[in-house]
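Participant: Take this structure, written in structure tokens, and hold onto it; I'll ask about it next.
The values are calculated or read from the model by the stated rules, or taken from the named source; none is laboratory data. This one's a predicted model, so the numbers in the text were calculated from it and none came from an experiment. Please note: Cβ atoms are built from the backbone with ideal geometry, for glycine as well, and neighbour counts cover all protein chains shown. Heavy atoms of the whole protein, side chains included, go into the accessibility calculation; ligands, DNA and RNA do not. Shrake-Rupley method; radii C 1.70, N 1.55, O 1.52, S 1.80 Å.
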Amino acid sequence: MIFNLFKKKNSNRAIVDRQYAILTSSARIPFFYSDMDVPDTVMGRFEMLSLVMILFFRRTSGSGQSGKELAQEIIDAFFQDIDHSIRELGVGDQSVPKRMKKFAGMFYGRVQSYGQALQANDGAALAQALRRNIHPDMSEAPSMEGLAAWALRTEKRLAAFSDDDIARGALQMPLPGQEDLQ
């Protein structure tokens, strides 16, 4: 019986890899960095990937068991990717767990603050949370209203995907600035 658990994970590997690639490529769309005031830095990319992941998890939280299992495997891949990135940046093995704990805390803090604003459909609160996290050291930071509007429209768009689409790893993020064209 326990071997069935491993078999299922292995059969999901292609789906997880495909969905994770879709999500990460969505977070890397140059428009976010050139036109939506997200800095093209390691932390800026973490922030965008976090936002995309949060939108994905909010959609999968209401899906069937296979969607929830996929979401868990995606979160595992996300944190493995962060671990790998930290190591590539030259952080020593002794410091990685401490940094991972910090990134996990940052991510789950964003899950809560962005989730509350998204749940309330409150663009101003979402923009404020995005501004605070994406530009923490800037007193005159950009408003982040465009990114907040994209996130709100994206959440509505993701609701239209079926649970079958999620289970197949076919959830697509709309392109920023072109949400109504797709």
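Participant: For residues that are among the small types (Gly, Ala, Ser) and open to solvent by 40 Å² or more (accessible area, probe 1.4 Å), scanning just region 18-38, find the one that is nearest to Leu126 (Cα to Cα).
Facilitator: The selected residue is Ser34.
Participant: A further question follows. I'm told Ala125 meets every condition in (1) without any contact (Cβ under 8 Å) to a residue 12 or more places away in the chain; (2) loosely packed, with under 13 Cβ neighbours inside 10 Å; (3) of a type outside the set (Asp, Glu) except one. Can you identify the failing condition by its number?
Facilitator: (2)
Participant: Give the residue that is least open to solvent (accessible area, probe 1.4 Å), with candidates limited to residues of region 128-182 that are polar (S, T, N, Q), in contact (Cβ under 8 Å) with a residue 24 or more places away in the chain and assigned to a helix (DSSP H, G or I).
Facilitator: Ranking the qualifying residues of region 128-182, first place goes to Thr154.
Participant: If we scan region 91-110, do we find a residue that is polar (S, T, N, Q) and at pLDDT 90 or above?
Facilitator: Scanning region 91-110 turns up no residue that is polar (S, T, N, Q) and at pLDDT 90 or above.
Participant: Assess whether Thr41 counts as being of a type in the set (S, T, N, Q) and either surrounded by 19 or more Cβ atoms within 10 Å (Cβ to Cβ) or in contact (Cβ under 8 Å) with a residue 40 or more places away in the chain (or both).
Facilitator: No.
Participant: What helices (runs of 4 or more DSSP H) lie completely within region 27-108 and have 1 or more residues being more than 20 Å from Gln128 (Cα to Cα) and of a type in the set (A, V, I, L, M)?
Facilitator: Here the list reads 42-60, 65-88.
Participant: Answer with yes or no whether Phe57 is under 25 Å from Leu152 (Cβ atoms), among the aromatic types (Phe, Trp, Tyr) and surrounded by 18 or more Cβ atoms within 10 Å (Cβ to Cβ).
Facilitator: So Phe57 fails the test.
Participant: Within region 112-121, identify whether any single residue is free of Cβ contacts under 8 Å to residues at least 60 places away in the same chain, part of a loop (DSSP other than H, G, I, E, B) and open to solvent by 40 Å² or more (accessible area, probe 1.4 Å), and answer yes or no.
Facilitator: yes
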